[in-house]
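Chemist: Pasting a structure below so you can have a look.
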């Protein structure tokens, strides 16, 4: 890469990193606010909250990277045009193709990064994120029992523990079970207790306590115990069955799902659409970069700026990005449309290439080169 190409590459790279960072920060903040329930229901989940928010970053980058490339190229090219740097390059005999070359190198680099995120990083991060969520929601010890507070894991279940000690031990425990399937409410009190897993299900092991159960005649039976095990599996609202969604799966799992699993059988077309989207969406980085180049460089020199051309280019780029999302959604119902996910960026690249490098455009640029330089110097 020569000096001119390196300079143009840097002019687009720095805005790309800045725009990508800003958009990612906004997206992370939005995702974080959506997961505040983790902190509200579990005061000990601060690290998990930060972790699951960061795990959403690869998917967010995948969504915003093509538009970030577009904005970065528009900013860099428009600045160079406004400061007459492009005019000077034309006057020095540097063609439009040589100016666009480092921009395309940056777009290809972004596309390769996008492909790596789609095929390797995103599936791992989203699967890990879903696993963390599933673990948090099934962690009875941390989410259902709060020190010094009444908690309600079920509409008809109340838990209270005065204090919690090391190893998850609870002191002065009270549990009131008023489920409809019971004839009468049952109240458990214990001096101490602890969360345990018995036969793969959560349970509370209580020590030195009483069981109070109301009888038909209105009296109350009281049973003292030294040790009592209360199974919690049927008393809490069980979380939904853990499934890996299409966005959480690897390419191999998307194109070759487990056809013996009912969930996979019902979502084969969705998996295919997601797989083809991951392979085709990196091409959007090149396509939107070409739209930006055509919008800024594909026209006559103007002292008044290029706001109108940039606005048109932005509308086209936004339509291309939205169309790619719509095609993926449509392909979930009609798998034959998956080929259009590849056709859209490829056709866009071809059209912009013709607009940028057509015979008429080359003639016009050659004839304008010295004149543009004189206008810029005037």
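Chemist: Determine, for 278, 164, the number of other Cβ atoms within 10 Å of each Cβ, and report the residues in order from fewest to most.
Modeler: Exposure proxy ranking, most exposed first: 164, 278.
Chemist: Taking only the Cα atoms of segment 145-231, how large is their convex hull per residue, in Å³?
Modeler: 102
Chemist: Determine the gain in length on full extension of the stretch residue 315-residue 350; use 0.36 nm per residue of separation and subtract their C-alpha separation, reporting nm with one decimal.
Modeler: That works out to 10.8 nm of additional length.
Chemist: Also: How far is it, in nm, from the label point at residue 326 to the one at residue 121 when both lie 7 Å from their Cα along the line to the Cβ?
Modeler: That separation, rounded to one decimal, is 3.0 nm.
Chemist: What FRET efficiency comes out for the pair residue 5/residue 113, r = Cβ-Cβ distance, R0 = 25 Å, nearest 0.05?
Modeler: 0.80
Chemist: For a Förster distance of 35 Å, can you work out the FRET efficiency between the beta-carbons of residue 163 and residue 245, rounded to the nearest 0.05?
Modeler: E(calc), rounded to 0.05, equals 0.30.
Chemist: Exposure proxy check: 152, 9, 225 ranked by fewest other beta carbons within 10 Å?
Modeler: Neighbour counts put them in this order, fewest first: 152, 225, 9.
Chemist: At what distance in nm do the modelled label points of residue 215 and residue 25 sit from each other, each positioned 7 Å from its Cα along Cα→Cβ?
Modeler: Distance between the two pseudo-spin positions: 7.0 nm.
Chemist: Only counting other Cβ atoms within 10 Å, I'd like 106, 337, 319 sorted with the fewest neighbours first.
Modeler: Least crowded to most crowded, the residues run 319, 337, 106.
Chemist: Let me ask something else. Describe numerically, in nm with one decimal, the distance between label points set 7 Å from Cα along Cα→Cβ at residue 184 and at residue 88.
Modeler: Result: 9.4 nm between the two label points.
Chemist: Subtracting the Cα-Cα distance from 0.36 nm times the residue separation, let me have the gained length for residue 205 to residue 174 in nm, one decimal.
Modeler: Gain on stretching residue 205 to residue 174: 9.9 nm.
We did not get these values from a lab; they are worked out from the coordinates using the rules stated. This one's a predicted model, so the numbers in the text were calculated from it and none came from an experiment. Glycine gets a Cβ as well: all are built from the backbone with ideal geometry, and neighbour counts include every protein chain shown.
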